[in-house]
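No value in this document is a laboratory result; all are computed from the given coordinates. The model shown is predicted, which means the values in this text are computed figures rather than measured ones. No Cβ is skipped: glycine too gets one built from the backbone with ideal geometry, and neighbour counts run over all protein chains shown.
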Amino acid sequence: MDTTAMNARTERPAPEGTRLGEMWDILPEESAYGENGELTIGGVGVTELAERFGTPLYVFDEAGLRRQARRFMDGLRERWPASQVMFASKSLPAVGMYRLAQEEGLSVDIAGGGELRLALAAGVDPERLHFHGNAKTDDELRMALDAGIGTIIVDNEDELDRLERLLERPQKLLLRIIPGVEAETHASQATGGKNSKFGLPVDQAARAIERMRAHPLMDFEGVHLHIGSQILNTRQFAEAVENISSVGTFSTYDVGGGLGVKYTYDEQPPSVEEYLDAIVAAAKAHLPADAKIMIEPGRSMVARAGVTVYRVVSVKRTGQVFVAVDGGLADMMDIALTDQRYEALLANRIGEPWTESVQLVGRQCESGDLFIDGAPMPDAKVGDLVVLAATGAYAYTLANNYNGALKPAIVFTRDGEARLVARRETYDDLLALHEPANRGDAA
Ligand SMILES: Cc1ncc(COP(=O)(O)O)c(C=O)c1O
């Protein structure tokens, strides 16, 4: 255990008997050890955040989000000037985030009508939108075409049938290809293996490409791939670039997202720079020098900048120590879906020795609603605040109403200020959907 590591932002040593020194690499970049012994994010203390906005609460370090966007954009441009970085918006589909992406100059990938509406509401230039999905409906395609969508990433030939019916003006298209890389990640997050439901296998690509090239309104630009998410081995990205080069010579290659992030003390993910080095080295070896390269990071763009703040509701000592908080699977599905492990902090008392190893549990009616099996922390009391680190990606996305839970609010913090970017769902919101049942005209 490293008890001497310093928090660079406050120059205060990590207290004895804690893992705070290691925690700074998982928490948002603009996190600090506040004067009163609490965690601050973007200069705002967790106590103030919890009191002002309630819990559970998704809190994002806005400066960290913007810095990460620039790391990707500047890093890729330095290595391959004809390039474009898209924010994979499924990782944080919030109007405040779409707006930030637009302000930072990112393009945006959407994968459904709802994400399209959110992006447009945020003022994202439709030309910068790229529409993914293996089962886009007529209605969604029509919405996208009406909005003047920049590029549609075609998944299959049924989608080409639809586009043949719907297109009224020229439309830029890419074709999603299965790159045949079995990504080393949780099965539900691997999307580029030979049995993937996404895209066409290499040997079926030629016919689809021919159809697009032959159509007067289809402006076929190139190919797309995505091997999966939370990938920690950069060789797999390079392998995918090499595999897709066999499909042909095009003006654009979109090599997807998928870079993994650090969730736990033990994980050592590649840096953005190492990731970019790997894909650009493969591109230099296998792709045309004048092609445009696009990437679509989601998780690695937003995961670290976000945390979830919970309040402790009960502490039960039954042989095990159960620390139960006011959230759970309803705001953090990823743990159940992908077995992803997380780290937590008793955030209003970070300087106290972490003397206990607790079962950090949620409030949903499943025993699998277990955040951490053996979380080290001080002896938690009812009313304390728990921060689950690195929840910026896919937690809000997957939030649901299990046990009638309300979708938490999102707050961005920066330079000591906090601003609400998405309000908490209310019981009235929840009931509004069920109004027909009360009117008795639910037919
Ligand atoms: C087509 C596509 N691009 C990009 C992403 C983003 O992946 P990640 O969040 O792992 O970067 C996904 C996520 O599943 C995806 O399906």
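Odds and ends about this structure:
- Amide H contacts of His224 (H built 1.01 Å from N, under 5 Å, at least 5 apart or other chain): Leu175, Arg176, Ile177, Asp254
- The mean sequence distance of close C-alpha pairs (under 8 Å, at least 6 residues apart), as a share of the length of the chain, puts its relative contact order at 19 percent.
- Put a dot 7 Å past the Cα of Ala214, heading toward its Cβ, do the same for Arg341, and the two dots end up 5.4 nm apart.
- Shape of the stretch 20-127, Cα gyration tensor, a/c cut at 1.5: oblate
- If you sort the three axes of the alpha carbon gyration tensor as a ≥ b ≥ c, you get a/c of 1.5 or more for the stretch 80-301 and a/b no higher than b/c, which makes it oblate.
- Zone of Ala285's modelled label, taken as backbone nitrogen in the stretch 158-199 under 16 Å from a point 7 Å along Cα→Cβ: 181
- Estimated FRET transfer efficiency (His434, Cys365; beta-carbon r; R0 22 Å; 0.05): 0.60
- Fully extending the segment from Glu242 to Arg207 would add 10.5 nm, taking 0.36 nm per residue of separation and subtracting the current Cα-Cα distance.
- Using θ = phi - 60° in the Karplus curve 6.51 cos²θ - 1.76 cosθ + 1.60, the 3J(HN,Hα) couplings for the stretch 99-116 round to 5, 4, 4, 4, 4, 7, x, 7, 8, 9, 9, 10, 9, x, x, x, 5, 4 Hz; x is entered for Gly and Pro.
- Between amide H atoms placed 1.01 Å from N, distances below 5 Å from Asp326 occur with Arg311, Val313, all of them 5 or more places distant or on a separate chain.
- Using the Cβ-Cβ distance between Thr249 and Ser314 with R0 set to 35 Å, the FRET efficiency from 1/(1 + (r/R0)^6) comes to roughly 0.05.
- Most fluctuating residue given options Thr355, Thr338, Thr318, as computed from a GNM of the chain linking Cα atoms under 10 Å: Thr318
- 3J(HN,Hα) from dihedral phi, the stretch 301-307, Karplus parametrisation 6.51/-1.76/1.60, rounded to Hz, x for glycine, proline: 7, 10, 4, 5, 5, x, 9
- 28 Å Cα-Cα reach of Lys316 towards lysines, excluding residues that sit fewer than 8 places from it in its own chain: Lys381, Lys407
- Separation in nanometres of the label points that stand 7 Å from Cα toward Cβ, at Glu425 and Arg66: 3.1 nm
- Stokes-Einstein D (µm²/s) once Rh is taken as the Kirkwood radius of the stretch 174-263 over alpha-carbon pairs, at 20 °C in 1.002 mPa s: 159 µm²/s
- The stretch 215-266 and the stretch 399-430 have Cα centres separated by 33 Å.
- The overall shape of the stretch 321-443, judged from the alpha-carbon gyration tensor, is prolate: a/c is not under 1.5, and a/b is greater than b/c.
- Whole-Hz couplings from phi, Karplus 6.51/-1.76/1.60, listed for the stretch 240-252; x for Gly and Pro: 5, 4, 4, 4, 6, 5, 6, 6, x, 9, 9, 8, 9
- Whichever aspartates and glutamates have a C-alpha closer than 16 Å to that of Lys136, once near sequence neighbours (fewer than 8 apart) are set aside: Asp109, Glu115, Asp146, Asp155, Glu157, Asp158, Glu159, Asp161, Glu164
- Structure remark: mean-square fluctuation, Gaussian network model of the chain, C-alpha springs under 10 Å; the largest value among Val302, Val421, Val255 belongs to Val421.
- Hydrodynamic radius by Kirkwood, which averages 1/r over all alpha carbon pairs of the stretch 251-393, in angstrom: 17.2 Å
- Calculated P(r) of the chain - Cα pairs past 36 Å, %: 30 percent
- Between the amide H of Ala422 and those of Ile410, distances stay under 5 Å, these residues lying 5 or more places away or on another chain, with hydrogens modeled in the peptide plane.
- Contact order for the stretch 80-301, expressed relative to its length and based on alpha carbon pairs under 8 Å spaced 6+ residues apart, stands at 20 percent.
- Gain on full extension, evaluated as 0.36 nm per residue between Arg99 and Glu51 minus their Cα-Cα distance, stands at 14.6 nm.
- Extension gain for the segment Thr397 to Ser271, taken as residue separation times 0.36 nm less the Cα-Cα distance, is 42.9 nm to one decimal.
- Fewest-first ranking of Tyr396, Tyr265, using other Cβ atoms within 10 Å as the exposure measure: Tyr265, Tyr396
- For His286, His130, His434, His226, the sequence from fewest to most other C-beta atoms within 10 Å is His434, His286, His130, His226.
- Compactness of the stretch 150-208, taken as the C-alpha radius of gyration over 2.2 N^0.38 Å, stands at 1.29.
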